[in-house]
1. Could you please let me know if residue 73 is over 30 Å from residue 18 (Cα atoms) and either among the basic types (Lys, Arg) or surrounded by 13 or more Cβ atoms within 10 Å (Cβ to Cβ) (or both)?
2. Residue by residue through segment 77-89, note down the ones that are at pLDDT below 90 and either under 17 Å from the mean Cα position of the chain (by Cα) or surrounded by fewer than 13 Cβ atoms within 10 Å (Cβ to Cβ) (or both).
3. Go through segment 101-143 and count every residue that is in contact with a helix residue (DSSP H, G or I) (Cβ under 8 Å, 6 or more places away or on another chain), open to solvent by less than 40 Å² (accessible area, probe 1.4 Å) and among the aliphatic types (A, V, I, L, M).
4. Can you tell me which residue within segment 1-36, out of those that are among the charged types (D, E, K, R) and without any contact (Cβ under 8 Å) to a residue 60 or more places away in the chain, is farthest from residue 105 (Cα to Cα)?
5. If we keep just the residues of segment 21-70 that are within 20 Å of the chain's Cα centre (by Cα) and polar (S, T, N, Q), which is modelled with the highest pLDDT?
6. How many residues, within segment 151-187, are assigned to a loop (DSSP other than H, G, I, E, B), of a type in the set (Lys, Arg) and surrounded by 11 or more Cβ atoms within 10 Å (Cβ to Cβ)?
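The values are calculated or read from the model by the stated rules, or taken from the named source; none is laboratory data. Everything quoted here is computed from the prediction, not taken from an experiment. Note that each Cβ is placed from the backbone with ideal geometry, even for glycine, and that neighbours are counted across all protein chains shown. Quick note on the areas: whole protein, heavy atoms, side chains included, nothing else; ligands and nucleic acids left out. Shrake-Rupley method; radii C 1.70, N 1.55, O 1.52, S 1.80 Å.
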Amino acid sequence: MTLPDWLVPFLTMDISLWEKVLRTVVVYLGIAILIRFAGKRLLAQMNSLDLVVVLLLSNVVQNSIIGPDNSVLGGMVGAVVLVGFNAGMDRLAESSTVGRGLLVGGGTDVITDGRVDERALRRLGIGRSELDLALRRQGADDASEVQRAVLQPEGEIVVTVKPGERAATRADLDRAVAELKALIAAR
């Protein structure tokens, strides 16, 4: 059975299935390595220049994945391999500490006991204004109030405020009022 002429460009791949799979996996791993070593900042607070890099990166590697093949079937094979391989890498990273360390990496301390690690901030490309914003969003007015702040591999700065510096919550205030009422009633 032969395909109708109009269907041939959609279903005929110009490179073999295995070459398509290998190209996709190699490009995936290459970009994963790039982002692993340069990506904490890229994932943290993307500015307009970072967005340009991400958009252009996909265009730069497109031909590496598809090669001379512009067929719909070839594109779908690449997409399926990309999504499937990514799901496998996610599972590996979540199920193994070694896999997570290799694929995702660990956090980087940017504040310890109220002291900002300026060297780490420079290495990560994070400005003081970005750090200050992350602190305020998580309940600290100043680095001196922070026990530890860590830039996670996913790009989020996680702040642990010193116990005595934590802002009072509504529950804290309700508890204090109840204690005062109990003391007054006991007199």
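1. No; evaluated as a whole, the condition is false for this residue.
2. 79, the sole residue that qualifies.
3. Adding up the residues that qualify gives 10.
4. Looking at the filtered set, the residue picked out is 5.
5. In this case the residue turns out to be 58.
6. Our first condition is that a residue be assigned to a loop (DSSP other than H, G, I, E, B); within segment 151-187, this holds for 152-156, 162, 166-169, 187.
Those still in the list that are of a type in the set (Lys, Arg) too: 162, 166, 187.
This time we only want the ones that are surrounded by 11 or more Cβ atoms within 10 Å (Cβ to Cβ), so: 162, 166.
Residues meeting the conditions: 2.
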